[in-house]
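The values are calculated or read from the model by the stated rules, or taken from the named source; none is laboratory data. Just so you know, these numbers come straight off a predicted model, no measurement behind them. Ideal geometry is used to build each Cβ from the backbone, glycine not excepted, and the neighbour counts take in all protein chains shown. Keep in mind that these areas ignore ligands, DNA and RNA; they rest on the heavy atoms of the full protein, side chains included. Shrake-Rupley method; radii C 1.70, N 1.55, O 1.52, S 1.80 Å.
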Amino acid sequence: LLFGMILGGISSAVVIPLVKMLPLNKKHGSTLMLESAISDVLCIVGAMTMMNIIVSGQVSGAEVFKNIISSFSLALLVGAIVGLAWTFTLFKFKNLRRAHLVTIAVVIALYAFVESPFLEASGAIAALAFGLILGNSKTILSLNKKVTEEEHSEIIDVLSQSAQSFFTEISFFVKVFFFVYLGILMDFSQPIIFGLAAVI
């Protein structure tokens with residue numbers, strides 16, 4: 001089961017670049033990217049749960065279900081709240097929209113807070129919820145009744161085209177670093193043929 005949890009996911013580091021290269025419908029591409037992001041988190045949560053079961057020697061279906069639900073729901077809630085707060089902050093303070101690194105700093109702080117012993121939830125899911133809120137900021141801001149008519153006419157996506165391009169470059173850098181780090185971890189002095197045979 002542990003082996004299945006580790007290998008059962010579809011890596012978003014592979015899926016997202018493929019989706020962007022293939023001539024897919026936007027709706028289908030978004031579904032694939034969302035599914036890969038969720039499966040990444042499920043693999044981590046599932047593998048950690050299985051390791052706890054192996055170490056403790058006790059199997060509790062209720063405990064497993066509780067761990068998964070609490071990890072997802074808490075992370076989604078915190079990520080959405082921080083995303084909403086940051087969306088309205090960017091809307092009110094237009095100068096912050098050009099400070100792209102500040103948004104990255106908020107995401108890193110969110111991830112660290114959610115993964116900390118205080119919450120022990122999924123930082124990746126919290127970051128996903130944060131990104132979903134920012135990506136749909138125009139729709140969210142237009143639903144806010146407290147926005148004045150003058151401000152309502154100025155509502156645009158809080159992430160400009162330059163910001164989106166910047167985050168795309170950061171995403172590319174992270175993916176490159178991921179594969180480089182994976183290559184560094186491979187030790188060819190060990191008989192890895194058994195590992196390759198097991199994977200195949």
Subject >> Distance (nanometres) between label positions extended 7 Å along Cα→Cβ at L2 and I69 >> reply: 2.7
**OP:** Please give, to one decimal in nm, the separation of the simple spin-label points placed at A80 and Q58, each 7 Å out from Cα toward the Cβ.
**Re:** 3.3
**OP:** Please give the solvent-accessible surface of L143 in Å², to the nearest 10, using a probe radius of 1.4 Å with every protein chain present.
**Re:** 130
Subject >> Integer Hz, Karplus 6.51/-1.76/1.60 couplings in order for the range 21-37, x for Gly and Pro >> reply: 7, 7, x, 9, 4, 4, 5, 5, x, 5, 4, 5, 5, 5, 5, 5, 5
